[in-house]
Structures are given as structure tokens and as C-alpha cells.
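Structure first, commentary second.
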Amino acid sequence: PVLVVDFGAQYAQLIARRVREASVYSEIVPHSISAAEVAAKNPVGIILSGGPSSVYEAGAPSLDPGIIELGVPVLGICYGFQVMAQQLGGEVGKTGAREYGSTDVVASDTSNVLLHDQPEQQITWMSHGDSVLQAPAGFDVLASSASTPVAAFANDARRLYGVQWHPEVKHTQYGQSVLENFLHRAAGIPDDWNSGNVIAEQVERIRAQVGSARVICGLSGGVDSAVAAAIVQKAVGDQLTCIFVDHGLLRQDEARQVQEDFVASTGVRLVTVDAEDQFLDALAGVSDPEQKRKIIGREFIRTFEAAAEALVLESKADGATIDFLVQGTLYPDVVESGGGSGTANIKSHHNVGGLPDDLTFALVEPLRTLFKDEVRAIGRELGLPEVIVSRQPFPGPGLGIRIVGEVTRERLDLLRLADAIAREELTNAGLDGEIWQCPVVLLADVRSVGVQGDGRTYGHPIVLRPVSSEDAMTADWTRLPYDLLARISNRITNEVPGVNRVVLDVTSKPPGTIEWE
Ligand code: XMP
């Protein structure tokens, strides 16, 4: 792999993604890693990330100097560039001028492999207080900016490179080019990491892990569990059984897409538990959001456990055991939780609630090394239906938390219809890519007066909540075109009985959350 050494802040994940966009496999490692540990991973390249610190501050994150001496090509970025400069005998200090944001850089040596095919003048994105004042002996200065005399350097013989700017951010004009020049030209790493390889590698891993035991997997209708199940199916075929708890809170067509389209495209053996009545009975009379979430979580665990237990018994009768549970854990979760290896107890499942600790299967996590966009690419490669692969995030408790008020079958039907209209119009307008998700919410406890034909109406409002976001931690409301909003509003008020008003939520997160409950 290419190892991305994490010096803090958000940059390492972004770098790792860009490296993979260059079709090279990358892994994030902490800056506390030793040279021996790095060597043990057999890296083909090392990238030192940026970070929020200053290299000469006490307690600044450091790097085992042996790492740069391993003979593996190294690219230092921002803080990582300064760490390199300092360790190799260059000089880092304050020039007095800080550079934040868009910064013009002048390349003095575009013949260097790092700046191959780039112009002399380019716009980069910088964020630093300190600067490299003097490159280490043996290094050529490749570029400078108004306040940074050494904005990039290279030692071609030792294959050591560095840039002060952030090539991983999109505002840097030739950022991807710098990364690809380093990876492919300087380090000579082939661009052979792709969905097909990932699938082949995971299939082998899963076969080795699972042997002849049986495996179960919960399907939620979302992309992660679907892709995880499809890879495991490819690896061990009918040793896998999927469980789909249909809680009756999914959107129009979603249950069918899992039961028919997904099954048809993968050949997965699926057990569906039709639990709509059970969930609606449990939710009867309940309006409080937290209460609703708890009930849905509880019912989900009960139902899933019962289905899993039935499968365990069935296996016993066959003289087999179910030892494994598939989870769609993604790489960002792994990085954020410290990167421990996944074994034993189930922590969370289906995002609804958690599964209890006494359900102990070993975990199969085929997506542990992947980012979300890679999971979608693999889903496509595996031939999963596009509606599932490109599905936006949808909360585990489903439409249960998009009805403000009591959840009833009639209200669910209204909301499903309104939601389907909004989704169809967004898709037709080609705007699915512009938004992160667009919850459609029924204010069942609110009524307002309207007029339709000659008559007065007294109906419920529907809220449209289109948001743009990178990670759902923060979000802004999406400025959808007025004519699109008008079309959605007209159709919903005309086609959804009992709804006489459509309103747009123009609140960012914070202070509003994305969902209403
Ligand atoms: P909020 O409403 O907290 O939502 O801004 C952030 C993101 O999380 C989704 N969400 C959930 N996902 N189980 C989930 O799997 C849940 O209980 C849940 N609640 C909210 C929400 O759709 C948004 O993408």
C-alpha cells in the first residue's frame, strides 16, 4: 500500500481517497508508527499529511526519523513537508506572513517529475503559519509563493518530495496531478487498484475466514449492507442467508427493490420478516420522537434475533453452524474508532439500535477498507440495481421519524406518496448529485386552512428538507431551483389527499438537524 501518515486534522482521509482515485491502494497510519512497523507493511510509497501543529512547538506530533531513511519514496504535504525539512537538516520558521486559502505559486522547475505537465503559474490552496526557509542539502527548490521561498522541493536521487500546499483539496488546480506524478512517475507505482481487484481480494479473504461455516447478514435496504452481502454471496454462495426485517417504514418501492431486484441480481438467499403490523401496533398512540426511536430499535432487535435464532436452529438440524455475521462497516468508521480489528461482539447493526452482546458471531466486514464512493463503485461492478447503489442516506427508523405525530398506516401511505413525487422530480431534474439527501416530512399534528376548487380544506403540510453536506455532521439547505420546487409543490398538493400545503425548510445544521425527529 501507500501509507498516509496522519498528523491530525481532516486531511489524511482526503489524501487517502485521492490516492485511491489515482487507482493506488492507500492506508492511513498514525504518526506515532515506528520505522519497523512501516517497513513491515511493505509500503510502495509514503505520504506525510498536513496537520494543525507547528513543528518547533513543544509536543508537536513527530515522526520516527527512520521512516524517511527506509528508501521508500516519500511525499510530504504542508506539516509533513515541514517535518521532512526539519529532519533532513533544512530550516523551518515564521516568515511573518501566513497563507490561508487560495495562493499563487510560481514553479521554478517544471521539468521536475513532481510538477510534470504543469504550468509555471498555478493556484494552490494553502493553510500554514510556518514556512520552510531553507531546503535541506541535496534538495532542489521547485516552487515558491509571495511569502514562502520554498513551496516545494525534491531530491530525485532519494525519491523524497514535498509541497507546502494541499494537493488533496479540489481548490488546488493541479493537486491531483502532483499526487499522480508522485505515485506513478516518481515512485513508479502502477495504477492497478480498482473495483475488480478489491472484489477478488475480498472474496479470497472471506473464503479463508469463513471456511465451510454459515453466515448471516441483515439487509436494511441501504447501499452498505447490500454491497457487503453481495460480496459475501460471491465468496461463499449459499452459506450466506440474508435477513430483511420489513418494518413497514420504508419508502415506496424500497422493500420490493430488496426482495426482488437485489435478490435477482445476486442470487442471495433471503428471509423476509414481514413485521409491519408488529411495528405499527407497537407505535400506536406514540408521538414523542425519542420514544418512537426506542420502540423501533427494540422491535428491530427482537425481530432480527428471532429470525437469526430460527436460522441457527435450522442449521443445527443440518449439522452445520452459523458462526459469522456480515457488517457493512466502512473505512471512515474504522479510522475514527482507532482502527482496531473487528472481532467478536456486535456493536451496532442496521443503525437502528444495537444488537445485544449475547448474540456473538464473529464479524465479516468486507467494506472495512473502503470509502462510500468506492462501495458504490463495487456495487455497480457486482451488478446491483442502480436504485440501491446510488441510494441516499436514509435513517434506520425510516419514515417513522418523518411523521411528526403518531405513526399510522394512512399517514405512512400519504408520506410515501409525497416522498416518491419529490424523489421523482429531483431525479428528473438531474439534481440527485447536488444534494446529500432530501427528507420529506409529514406534519401530522399540524393543520392549516386552504382552498381547493370551491371548497375550504383543512389539511396537513408537507416539509421538503433538501440538504447539502459532506458527512451529515454539518449541512446547509440546498438552493433548489424555484421551478423545480413549484413542480413538486403542485404535484404533492394535487396528488396527495389530505395535503394542502408544501413548505421548504431553510435551516442549516446546526442549529437544525437534518431529520425533524
Ligand atoms: P440528523 O438528523 O442527526 O441526521 O442531522 C444525520 C444523518 O443521520 C441520518 N440518521 C440516521 N441514520 N439511524 C440511521 O441509520 C438513525 O437513527 C438516524 N437518524 C438520523 C440522517 O438521515 C442523516 O443522514
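The values are calculated or read from the model by the stated rules, or taken from the named source; none is laboratory data. Predicted model, so just to flag it, every value in this text is computed and none were measured. Cβ: placed from backbone, ideal geometry, glycine included. Neighbour counts: every protein chain shown.
What number goes with the only condition from (1) within 15 Å of the ligand (Cβ to nearest atom); (2) surrounded by fewer than 17 Cβ atoms within 10 Å (Cβ to Cβ); (3) part of a loop (DSSP other than H, G, I, E, B) that Asp445 does not pass?
(1)
Please go through the stretch 461-495 and pick out each residue that is within 12 Å of the ligand (Cβ to nearest atom) and of a type in the set (Lys, Arg).
Within the stretch 461-495, Arg465 is the sole residue that qualifies.
Among the listed residues Gln122, Gln118, which satisfies the condition of being buried (at least 16 other Cβ atoms within 10 Å of the Cβ) and part of a loop (DSSP other than H, G, I, E, B)?
On the way: Gln122 fails: part of a loop (DSSP other than H, G, I, E, B).
Gln118 is the lone residue from the list that is buried (at least 16 other Cβ atoms within 10 Å of the Cβ) and part of a loop (DSSP other than H, G, I, E, B).
Can you list residue pairs whose Cβ atoms sit under 8 Å apart, with the first residue in the stretch 388-410 being within 19 Å of Ile514 (Cα to Cα) and the second being among the aromatic types (Phe, Trp, Tyr) and more than 13 Å from the ligand (Cβ to nearest atom)? Count only pairs 6 or more apart in sequence or on different chains.
Correct list of pairs: Gly400/Phe279.
With (1) modelled with pLDDT under 95; (2) away from the ligand (no atom under 16 Å from the Cβ); (3) in a loop (DSSP other than H, G, I, E, B) as the list, and Ser287 as the residue in question, which single condition is left unmet?
(1)
Before we move on, is Ile403 within 16 Å of the ligand (Cβ to nearest atom) and closer than 19 Å to Pro461 by Cα? Steps first, please.
Numbers: within 16 Å of the ligand (Cβ to nearest atom): yes; closer than 19 Å to Pro461 by Cα: yes.
Criteria met by Ile403.
For the stretch 448-471, check the following and say yes or no: at least one residue is loosely packed, with under 14 Cβ neighbours inside 10 Å, polar (S, T, N, Q) and in contact (Cβ under 8 Å) with a residue 24 or more places away in the chain.
Looking only at the stretch 448-471, we keep the residues that are loosely packed, with under 14 Cβ neighbours inside 10 Å, and these are 448-449, 451-456, 458, 470-471.
Keeping just the survivors that are polar (S, T, N, Q) gives 448, 452.
Subsequent filtering for residues that are in contact (Cβ under 8 Å) with a residue 24 or more places away in the chain retains 448, 452.
Checking the stretch 448-471: at least one residue is loosely packed, with under 14 Cβ neighbours inside 10 Å, polar (S, T, N, Q) and in contact (Cβ under 8 Å) with a residue 24 or more places away in the chain.
Kindly indicate which of Asp419, Asp454, Asp413 is within 16 Å of the ligand (Cβ to nearest atom) and out of contact with any Asp or Glu (no Cβ under 8 Å at 6 or more places or on another chain). Please lay out each step first, then the result.
Working: Asp454 fails: within 16 Å of the ligand (Cβ to nearest atom); Asp413 fails: within 16 Å of the ligand (Cβ to nearest atom).
After ruling out the rest, the residue left standing is Asp419.
Based on this model, can you work out whether Leu355 counts as within 15 Å of the ligand (Cβ to nearest atom) and either at pLDDT below 95 or touching a helix residue (DSSP H, G or I) at 6+ places or on another chain (Cβ under 7 Å) (or both)? Break it down into steps so the answer makes sense when it comes.
Values: within 15 Å of the ligand (Cβ to nearest atom): yes; either at pLDDT below 95 or touching a helix residue (DSSP H, G or I) at 6+ places or on another chain (Cβ under 7 Å) (or both): yes.
So Leu355 passes the test.
Is it true that Phe279 is away from the ligand (no atom under 16 Å from the Cβ), at pLDDT 95 or above and buried (at least 17 other Cβ atoms within 10 Å of the Cβ)? Don't jump to the end; show me each part of the working.
Working: away from the ligand (no atom under 16 Å from the Cβ): no; at pLDDT 95 or above: yes; buried (at least 17 other Cβ atoms within 10 Å of the Cβ): yes.
No, not satisfied.
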